[in-house]
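FYI, it's all coordinate maths here, none of it is from the lab. Just so you know, these numbers come straight off a predicted model, no measurement behind them. All Cβ positions, glycine included, derive from the backbone under ideal geometry; neighbour counts span all protein chains shown.
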Amino acid sequence: MATFQVVDEFANFLGKKRDDLSADAFKAMLTDVAPTKAGTQIKADITEIAAGNGYTAAGVALTGVTWTETGAGTGIWAFTSAAFAWTAAGGSIAQFRYVVIYDDTSTNKDVVGYLDYGSEVNVTNGNSFTVTPGANGVFRATVN
């Protein structure tokens with residue numbers, strides 16, 4: 001199972017009000033080139049896979065995005081969305097390993113983080129690749 005890695009600069013972007021987890025639009029895109037926690041900041045830092053066969057350039061829009069406290073007074077906040085997917089049609093989607101989530105509303109398309117599936121993923125014609133956020137959401141922030 002892939003673990004979501006929040007990129008380092010994202011905390012800075014939140015502090016500077018560049019990203020609004022409650023109101024902005026977010027997207028997920030695919031890459032076969034490893035993002036890094038320290039070096040990846042914006043969408044332009046990502047080498048996206050080729051569009052085609054069911055994959056659209058810039059990725060898919062996330063729906064049902066929420067930023068909520070997990071319980072009153074817990075100090076644990078969760079960013080989540082509904083499941084999202086890509087379905088190969090007319091051929092295979094280009095091979096990838098990473099799913100990157102970014103803020104499509106922000107001027108620079110700030111990267112939130114990424115999932116590393118640990119090996120290449122191949123989605124062949126007629127098949128789908130689905131990302132379903134778990135019970136803890138895409139990621140959690142805890143205030144101590």
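Structure summary
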quantity: Ranking of THR70, THR47 by count of other Cβ atoms within 10 Å, fewest first; calculated: THR47, THR70
quantity: ³J(HN,Hα), Karplus 6.51/-1.76/1.60, whole Hz, each residue of the range 22-29, x for Gly, Pro; calculated: 8, 10, 6, 8, 10, 10, 10, 10
quantity: Exposure rule at most 15 other beta-carbon atoms within 10 Å, DSSP loop trypsin sites (Lys or Arg not before Pro): the chain longest free segment; calculated: 38-144
quantity: For the range 4-142, size of Cβ-based charge dipole, Lys and Arg +1, Asp and Glu -1, in debye; calculated: 80 debye
quantity: 11 Å beta-carbon shell around GLN41, net charge (K/R +1, D/E -1); calculated: 0
quantity: Kirkwood estimate for the chain, i.e. one over the average of 1/r between Cα atoms, Å; calculated: 15.6 Å
quantity: Relative contact order computed over the chain (Cα-Cα under 8 Å; 6+ residues apart), in percent; calculated: 32 percent
